[in-house]
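Data block below; observations after.
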Amino acid sequence: MSRRFHRLGAALLAAVLLSLSGLGAANADELGPGGLGNATPRAAYAQIEGSGSTWSEVIVQQWISDVDALGMKVTYNGGGSSQGRKNFAQNVTDFGISEIPYPGVDEFGNADNSNGREFAYLPIVAGGTAFTYQLKIGNELVRNLRLSGETLTKIFTGVITDWSDPAITKDNNGRAFPKLAITPVVRSDGSGTTAQLTTWMDAEYPDVWRPYFGKSGFTSYYPRKGRMLAQSGSDQVMNTISGFAGNGTIGYVEYAYPLNKDYPVVKVLNNGGYYVEPTQYNVAVALTKAKINEDTSSPLYLTQILDGVYNATDPRAYPLSSYSYMIIPTGASDQRMSTAKRQTLGDFMYYSLCEGQAKAGPYGYSPLPLNLVQAGFTQLAKLKAADPAVDIENRDATKCNNPTFVSGNLKENRLAKIAPQPAACDEEGQGPCGTATGTGEPSTDEGQPTDSGDGSDKSGGKGNGGATGTTGGGGGGGGGGGGAGDGATTEVDPVTGETVSTGGGGGGGGGTTDAAGTTTDPIYATPTELSASRPGDDRAFGALAALELLALILVPGLLIARGVRRRGAGQ
């Protein structure tokens, strides 16, 4: 009896170990770009530490989690780009991350440079600075808000202070919101996200921004006035807006934060005449207009000039699209660096620039195009130049699983090429669309792209027709309600503040009407429930479930066998 249970236990234990080894091998294959995950580490690894941007922190933390399985230990603390640059300059960290390069001096006249520490800028990921908000009609969250750049600039400079302002009504094609004070939520720390926002406002709306700021140019420290709230870090801005007392708030964060929290973002009017949100597709389109410093002798090599992005006329382009940068140490005598640390940094960034880019879109970012990935590899070569013992051989960017790559063409961006045109209801003067934002999917009348590079099938897009909350003679597009038709009249509900239409001919699907012919549906889109899963979750949790099932079989048998042995010993 005892031997039989021993054999059973041994067989089941072998099955568990086999499953575990298979899962580990599968993860290593996924994590190891170009064979990195399957090979013995090139050199001894040592823990490396970084700090800085919260704009890019979501994807950086995911990459850190990924490479941990390969024996690389990386720690990263947000705190803002300004703090990241300062920590690097003071030799507190091994690397920093920032959305802007060292400006030389900060807004207060203090030094903001590398303090003599040799470094290079390394682009790590692209993304869009999003405007997330909490605005309710009754107890329902508005999910399809549209605002022009001028309106946004006036909100963040205190010119527009109420959600019922005529400029907001105009951006939403005549649909008014309740009279409710606007509370902008800005960053209290030195932030690259703030620098990106204020650079855009200074370039595009100087007549509004400069009187508020008191001078021209950008700032990393937002000048808070009036009802504004200030919070440290993107996560705290997001938590404040989405919190219990957040109704009426609006703030700026990288798109990853509202996407991961299932929270809406503003569709921003671009120079192509369409309101768009910062999906990976719209960001990729916009950044085809970015100018990159390609002078290898320049201290600003690979840094960005975004004027062409701000005023891109492609209907799909998101105006506040940009890149984030790692600041890496390149000096041969750098006091914090060793061969093991350089090897860890090189392999960590090799993964991040290669396989890691495939995760950018699902996490709310946009992957780098091939020319910037290859330029990034060139920057990593400086680690070997500082220490010949560092192994960076056999790194082929063209073999990376990156959805932007087009074989043989460094400049073409496949993600931008397959990006769908925006829905007709997103055009200025039309709609607004009846679908929610912040889902990661582009709003389009076409089917969703199927060649995003992340392995998911996104065919068969959802309808994005006319706005909800209206009825009338015009035929509506798929999924939303029809626009107000000829002969229709509109009125503002005195309780909710929403604009509704009455009369007219039969509209398309969407709003319902009561006996008086007035819509009973609000103007916001029906909230949609997002899946919390990420690519690969099903496989991981499926393996976990299998292991749990094996444990349920194994453990009782081992316990019984143990009891039999004890009884036998007692007799």
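The values are calculated or read from the model by the stated rules, or taken from the named source; none is laboratory data. Quantities reported herein were computed from a predicted structural model and do not represent experimental measurements. Glycine also receives a Cβ, built like all others from the backbone with ideal geometry; neighbour counts cover every protein chain displayed.
Give the number of residues within the range 43-81 that are surrounded by 23 or more Cβ atoms within 10 Å (Cβ to Cβ) and among the polar types (S, T, N, Q).
Final tally of qualifying residues: 5.
Which of the residues spanning the range 389-407 are under 15 Å from residue 373 (Cβ atoms) and surrounded by fewer than 21 Cβ atoms within 10 Å (Cβ to Cβ)?
Within the range 389-407, 392, 395, 396, 398, 399, 401, 406, 407 qualify.
Looking at 258, 223 in this structure, which one is at pLDDT 95 or above, of a type outside the set (S, T, N, Q) and within 20 Å of the chain's Cα centre (by Cα)? I'd like the intermediate steps shown before the answer.
On the way: 223 fails: within 20 Å of the chain's Cα centre (by Cα).
That would be 258, the only listed residue that is at pLDDT 95 or above, of a type outside the set (S, T, N, Q) and within 20 Å of the chain's Cα centre (by Cα).
Inside the range 118-145, can you point out the residues that are in a loop (DSSP other than H, G, I, E, B) and either basic (Lys, Arg) or touching a residue at least 60 places away in the same chain (Cβ under 8 Å) (or both)?
Matches in the range 118-145: 118, 134, 135, 138, 142, 143, 144, 145.
Looking at residue 240 and the list (1) buried (at least 19 other Cβ atoms within 10 Å of the Cβ); (2) in contact (Cβ under 8 Å) with a residue 24 or more places away in the chain, which single condition is not satisfied?
Result: residue 240 fails condition (1) only.
Among the residues of the range 407-445, how many are aliphatic (A, V, I, L, M), under 30 Å from residue 396 (Cα atoms) and part of a loop (DSSP other than H, G, I, E, B)?
Our first condition is that a residue be aliphatic (A, V, I, L, M); within the range 407-445, this holds for 410, 415-416, 418-419, 423-424, 436.
With the extra rule that they be under 30 Å from residue 396 (Cα atoms), the set shrinks to 410, 415-416, 418-419.
Pick out the ones that are also part of a loop (DSSP other than H, G, I, E, B) and you get 410, 419.
Adding up the residues that qualify gives 2.
Within the range 29-65, restricting attention to residues that are of a type in the set (A, V, I, L, M, F, W, C) and at pLDDT 95 or above, which residue is farthest from residue 194 (Cα to Cα)? Talk me through it step by step, then tell me what you get.
Kept after step one, since they are of a type in the set (A, V, I, L, M, F, W, C), are these residues of the range 29-65: 31, 36, 39, 43-44, 46, 48, 55, 58-60, 63-64.
Next, only the ones that are at pLDDT 95 or above stay: 46, 48, 55, 58-60, 63-64.
Numbers: 46: 34, 48: 27, 55: 10, 58: 17, 59: 19, 60: 19, 63: 24, 64: 25 Å.
Among residues in the range 29-65 that are of a type in the set (A, V, I, L, M, F, W, C) and at pLDDT 95 or above, the one farthest from residue 194 (Cα to Cα) is 46.
Every residue, every condition in (1) in contact (Cβ under 8 Å) with a residue 40 or more places away in the chain; (2) of a type in the set (A, V, I, L, M); (3) over 24 Å from residue 360 (Cβ atoms), yes or no:
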| site | (1), (2), (3) |
| --- | --- |
| 227 | yes, no, yes |
| 236 | no, no, no |
| 279 | yes, no, no |
| 312 | yes, yes, no |
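Taking the range 194-211, which residues are charged (D, E, K, R), out of contact with any helix residue (DSSP H, G or I) (no Cβ under 8 Å at 6 or more places or on another chain) and closer than 27 Å to residue 52 by Cα?
none
With the condition being more than 25 Å from residue 79 (Cα to Cα), I'd like the helices (runs of 4 or more DSSP H) fully within the range 233-291 carrying at least 2 qualifying residues.
Working: elements: 234-242, 256-261, 280-287.
Fully inside the range 233-291 and qualifying: 280-287.
Might you let me know whether the range 285-297 holds any residue that is surrounded by fewer than 23 Cβ atoms within 10 Å (Cβ to Cβ), under 29 Å from residue 433 (Cβ atoms), of a type in the set (Val, Ile, Thr) and out of contact with any Ser or Thr (no Cβ under 9 Å at 6 or more places or on another chain)?
The answer is yes; a qualifying residue exists.
Determine if the range 212-219 includes at least one residue that is assigned to a helix (DSSP H, G or I) and farther than 28 Å from residue 357 by Cβ. Steps first, please.
Here is the first cut: in the range 212-219, the ones assigned to a helix (DSSP H, G or I) are 212-213.
From what's left, farther than 28 Å from residue 357 by Cβ: 212-213.
Yes, the range 212-219 has at least one match.
Considering only the range 82-95, I want to know if a residue exists there that is within 27 Å of residue 264 (Cα to Cα), of a type outside the set (A, V, I, L, M), crowded, with 24+ Cβ neighbours inside 10 Å and modelled with pLDDT of 95 or more.
Checked against the condition, which is being within 27 Å of residue 264 (Cα to Cα), of a type outside the set (A, V, I, L, M), crowded, with 24+ Cβ neighbours inside 10 Å and modelled with pLDDT of 95 or more, the range 82-95 yields no hits at all.
Which one is nearest to residue 216 (Cα to Cα) among residues in the range 157-184 that are without any contact (Cβ under 8 Å) to a residue 60 or more places away in the chain and in a loop (DSSP other than H, G, I, E, B)?
157
Return yes when residue 178 is crowded, with 19+ Cβ neighbours inside 10 Å and farther than 30 Å from residue 61 by Cα and no when it is not.
yes
Scan the range 115-135 and give yes if some residue there is of a type in the set (Lys, Arg), surrounded by fewer than 20 Cβ atoms within 10 Å (Cβ to Cβ) and under 30 Å from residue 323 (Cα atoms), otherwise no.
Applying the first criterion (of a type in the set (Lys, Arg)) to the range 115-135 yields 117.
Narrowing further to those that are surrounded by fewer than 20 Cβ atoms within 10 Å (Cβ to Cβ): 117.
Of the ones still in play, those that are also under 30 Å from residue 323 (Cα atoms) are 117.
Looking through the range 115-135, at least one residue is of a type in the set (Lys, Arg), surrounded by fewer than 20 Cβ atoms within 10 Å (Cβ to Cβ) and under 30 Å from residue 323 (Cα atoms).
Here is a yes/no grid of residues against (1) over 19 Å from residue 425 (Cα atoms); (2) among the charged types (D, E, K, R):
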| position | (1), (2) |
| --- | --- |
| 251 | yes, no |
| 258 | yes, no |
| 267 | no, yes |
| 270 | no, no |
| 285 | yes, no |
| 296 | yes, no |
| 304 | yes, no |
| 323 | yes, no |
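With the checklist (1) in contact (Cβ under 8 Å) with a residue 40 or more places away in the chain; (2) surrounded by fewer than 24 Cβ atoms within 10 Å (Cβ to Cβ) in hand, flag the one item residue 321 doesn't pass.
Going through (1) in contact (Cβ under 8 Å) with a residue 40 or more places away in the chain; (2) surrounded by fewer than 24 Cβ atoms within 10 Å (Cβ to Cβ) one by one, residue 321 breaks only (2).
Quick one: in the range 385-406, of everything that is in a helix (DSSP H, G or I) and either among the acidic types (Asp, Glu) or in contact (Cβ under 8 Å) with a residue 40 or more places away in the chain (or both), which residue is farthest from residue 345 (Cα to Cα)?
Of everything passing the filter in the range 385-406, 399 is farthest from residue 345 (Cα to Cα).
Could you list all residues from the range 299-318 that are over 21 Å from the mean Cα position of the chain (by Cα) and either buried (at least 24 other Cβ atoms within 10 Å of the Cβ) or of a type in the set (A, V, I, L, M) (or both)?
Passing the criteria: 300, 302.
If residue 115 passes every condition in (1) out of contact with any Ser or Thr (no Cβ under 8 Å at 6 or more places or on another chain); (2) in a strand (DSSP E or B) but one, which one does it miss?
It is condition (2) that residue 115 fails.
For the range 363-376, which positions are in contact (Cβ under 8 Å) with a residue 40 or more places away in the chain and over 12 Å from residue 403 (Cα atoms)?
363, 364, 365, 371, 372, 375, 376
Please give the number of the condition residue 192 fails out of (1) surrounded by 24 or more Cβ atoms within 10 Å (Cβ to Cβ); (2) more than 30 Å from residue 334 (Cα to Cα).
Result: residue 192 fails condition (2) only.
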